[in-house]
2 protein chains.
Amino acid sequence: MPKFKAIVEYDGSNYHGWQLQPNANTVQGEIEKALSRIFHERIVVFGAGRTDAGVHATGQVVHVLVPWKHSADDLKKALNSLLPDDICILSVSTAQNDFHARHSAISKTYRYQIVNQQTRSPLKRLYFWEIAYPLDLGKLQEASKLLIGIHDFSSFGAPTSGTPSTVRKIHEAFWEKDENSNTFSFTVRGSGFLRFMVRSLVGTLVRVGLGKISVGDFADIFMACDRSKAGPIAKPQGLFLVKVEYQEG
Amino acid sequence: MPKFKAIVEYDGSNYHGWQLQPNANTVQGEIEKALSRIFHERIVVFGAGRTDAGVHATGQVVHVLVPWKHSADDLKKALNSLLPDDICILSVSTAQNDFHARHSAISKTYRYQIVNQQTRSPLKRLYFWEIAYPLDLGKLQEASKLLIGIHDFSSFGAPTSGTPSTVRKIHEAFWEKDENSNTFSFTVRGSGFLRFMVRSLVGTLVRVGLGKISVGDFADIFMACDRSKAGPIAKPQGLFLVKVEYQEG
């Protein structure tokens, strides 16, 4: 049976996350529903990242094994005609037999968006964490540099099912500030991420950016390997899974 | 009684436009409701632009006459604590006795956003018009230049109540394209606008951008002063009232 790889964008606002759950709307559930309407049987969708409730994606990657005899692009069109308007298949391509959306991934990139101004922003509220007190870009950058490399991230998340290790490799971690729109964005690319890891990192980094703790305190929390030391996790609506990379394709 | 001027941002998605209507949620209605909770009487809010259902604002301006004895900033805080999260008062200042949000305005600026790509965009759908076929920036610019100056815009809208003339002055009208996000934005600043004028202009300009009609055809439609000649009006979710300017303040 042919295997296909697809890139998916979704607005996670109205979903209980990526992963299929009984009695809850999930992104995986919606895609499987669309596939079952095409193929008249249950089709399982494998996703690269199990995004939490309310988290978005511009570059989630999935694979499926389906008895489809037409082109990859026609499969994309068929799926998009059945999916709700907050989920869209951006592209479909044929995949090697041994390709697995999650296990073959060599890195994932997440972006976290913050709007930093005293007043609320009705037009940003769905896709940003609103922070009223001023954030210090320099401190955010300095603390984020500590993340780069191979480290035990157990202060910032729980192991994922099937992978007991809490060690991950972070390739890039940096902040950008847009003065015109009072927004900050944090980009982090790594070999993989623990459950809640990006939101936990952002929650604790924001405490550094607000001056509530120092960069040294952040380093202590990081090295403590103790989740109780980290700050509260950042709100889901600011987080986007933006890219999943593979050795080939 | 002191007069206050306020700048308002709102996400129009869930409103039947700006203007108060019986049995429908409107932005004016929500602000008046918040004011009546503060002052225990009906307070009328005067807005600069009567945005249609689904249209947004980052810079709507209003004025109110209210028996408020504290600072303008405290009035902002009181209102924001009572308003829903899709409406926010960005600033409040005291205004001259003769200030009127609509009548004193010397210009208004609107922005219209389009995402131009073959696939839908779940994360842009609430704030952009999605157009699948490629738009030609050069043609859009060329046609838009014709709008600048004092003209009869009756091909693109109906007169507003109280102002029978369909002549308006347009100061600026230009398009910008962002290659990274496949988005186009149209900015238009004028002395005032007819009902549906910006959306009607965008609807007809897009026909030029798609190559369905020529710039010359656009000029003919403009000069015909006949609404039946214009293209269909653009979707409301791409439109934003971004700025209202006054002689002073």
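The values are calculated or read from the model by the stated rules, or taken from the named source; none is laboratory data. Computed from a predicted structure; not experimentally measured. Glycine gets a Cβ as well: all are built from the backbone with ideal geometry, and neighbour counts include every protein chain shown.
Identify, please: which residue in segment B:66-89 is acidic (Asp, Glu) and within 13 Å of chain A (Cβ to nearest Cβ) and is, among those, farthest from B:Leu194 (Cα to Cα)?
My answer is B:Asp73.
For A:Val92, are the conditions met, namely being in contact (Cβ under 8 Å) with a residue 60 or more places away in the chain, part of a strand (DSSP E or B) and away from every other protein chain (no Cβ under 14 Å)?
no
Take the conditions in contact (Cβ under 8 Å) with a residue 60 or more places away in the chain and either part of a loop (DSSP other than H, G, I, E, B) or not small (Gly, Ala, Ser) (or both) and apply them to B:Lys5. Does it pass?
yes
Yes or no, residue by residue, for (1) in the same structural domain as B:Val198 (by TED's automatic domain parsing); (2) under 24 Å from B:Gly211 (Cβ atoms); (3) at pLDDT 95 or above; (4) touching a helix residue (DSSP H, G or I) at 6+ places or on another chain (Cβ under 7 Å):
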{"residue": "B:Thr109", "(1), (2), (3), (4)": "yes, no, yes, no"}
{"residue": "B:Tyr112", "(1), (2), (3), (4)": "yes, yes, yes, yes"}
{"residue": "B:Val115", "(1), (2), (3), (4)": "yes, yes, yes, no"}
{"residue": "B:Lys124", "(1), (2), (3), (4)": "yes, yes, yes, no"}
{"residue": "B:Phe128", "(1), (2), (3), (4)": "yes, yes, yes, yes"}
{"residue": "B:Pro134", "(1), (2), (3), (4)": "yes, yes, yes, no"}
{"residue": "B:Lys139", "(1), (2), (3), (4)": "yes, yes, yes, yes"}
{"residue": "B:Ser144", "(1), (2), (3), (4)": "yes, yes, yes, yes"}
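Any idea which of (1) at pLDDT 95 or above; (2) of a type outside the set (D, E, K, R); (3) touching a Leu at 6+ places or on another chain (Cβ under 8 Å) is the one B:Thr119 doesn't satisfy?
Here B:Thr119 clears every test but (1).
I'm checking my understanding of the structure. Among residues of segment A:118-154 that are surrounded by fewer than 16 Cβ atoms within 10 Å (Cβ to Cβ) and in contact with a Lys or Arg (Cβ under 9 Å, 6 or more places away or on another chain), which one is nearest to the other protein chains (Cβ to nearest Cβ)?
A:Ala132
State all residues of segment A:152-211 that are small (Gly, Ala, Ser), under 19 Å from A:Ile114 (Cα atoms) and part of a loop (DSSP other than H, G, I, E, B); if no residue qualifies, say none.
A:Gly211 - this is the single residue of segment A:152-211 that is small (Gly, Ala, Ser), under 19 Å from A:Ile114 (Cα atoms) and part of a loop (DSSP other than H, G, I, E, B).
Here is a yes/no grid of residues against (1) more than 22 Å from the chain's Cα centre (by Cα); (2) more than 14 Å from chain A (Cβ to nearest Cβ); (3) of a type in the set (A, V, I, L, M, F, W, C):
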| site | (1), (2), (3) |
| --- | --- |
| B:Glu176 | no, no, no |
| B:Asn180 | yes, no, no |
| B:Val188 | no, yes, yes |
| B:Val198 | no, yes, yes |
| B:Val206 | no, yes, yes |
| B:Ile213 | yes, yes, yes |
| B:Phe218 | yes, yes, yes |
| B:Ala230 | no, yes, yes |
| B:Ala234 | no, yes, yes |
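Could you look through segment A:188-214, keep only residues that are modelled with pLDDT under 95 and farther than 17 Å from A:Ser228 by Cβ, and pick out the one that is surrounded by the fewest Cβ atoms within 10 Å (Cβ to Cβ)?
Once the filter is applied, the top-ranked residue is A:Ser191.
Suppose we filter segment A:111-140 for residues that are over 20 Å from B:Ser81 (Cβ atoms), touching a Phe, Trp or Tyr at 6+ places or on another chain (Cβ under 7 Å) and not in a loop (DSSP other than H, G, I, E, B); how many remain?
7
All but one of (1) under 22 Å from B:Tyr127 (Cα atoms); (2) in contact with a strand residue (DSSP E or B) (Cβ under 7 Å, 6 or more places away or on another chain); (3) part of a helix (DSSP H, G or I) hold for B:Ser13, so report the exception by its number.
Single failed check for B:Ser13: (2).
Scan segment B:55-65 and tell me whether some residue there is surrounded by fewer than 17 Cβ atoms within 10 Å (Cβ to Cβ) and either under 18 Å from B:Thr94 (Cβ atoms) or away from chain A (no Cβ under 14 Å) (or both).
Yes, segment B:55-65 contains a residue that is surrounded by fewer than 17 Cβ atoms within 10 Å (Cβ to Cβ) and either under 18 Å from B:Thr94 (Cβ atoms) or away from chain A (no Cβ under 14 Å) (or both).
Out of A:Ser181, A:Ser191, which single residue is small (Gly, Ala, Ser), under 30 Å from B:Val242 (Cα atoms) and in contact with a strand residue (DSSP E or B) (Cβ under 8 Å, 6 or more places away or on another chain)?
When all the criteria are applied, what remains is A:Ser181.
So A:Thr51 clears everything in (1) touching a residue at least 40 places away in the same chain (Cβ under 8 Å); (2) in a loop (DSSP other than H, G, I, E, B); (3) more than 25 Å from A:Ile221 (Cβ to Cβ); (4) of a type in the set (S, T, N, Q) except one condition, right? Which one?
Result: A:Thr51 fails condition (3) only.
When you look at A:Glu179, is it charged (D, E, K, R), farther than 13 Å from A:Arg111 by Cα, out of contact with any Leu (no Cβ under 6 Å at 6 or more places or on another chain) and surrounded by fewer than 21 Cβ atoms within 10 Å (Cβ to Cβ), yes or no?
yes
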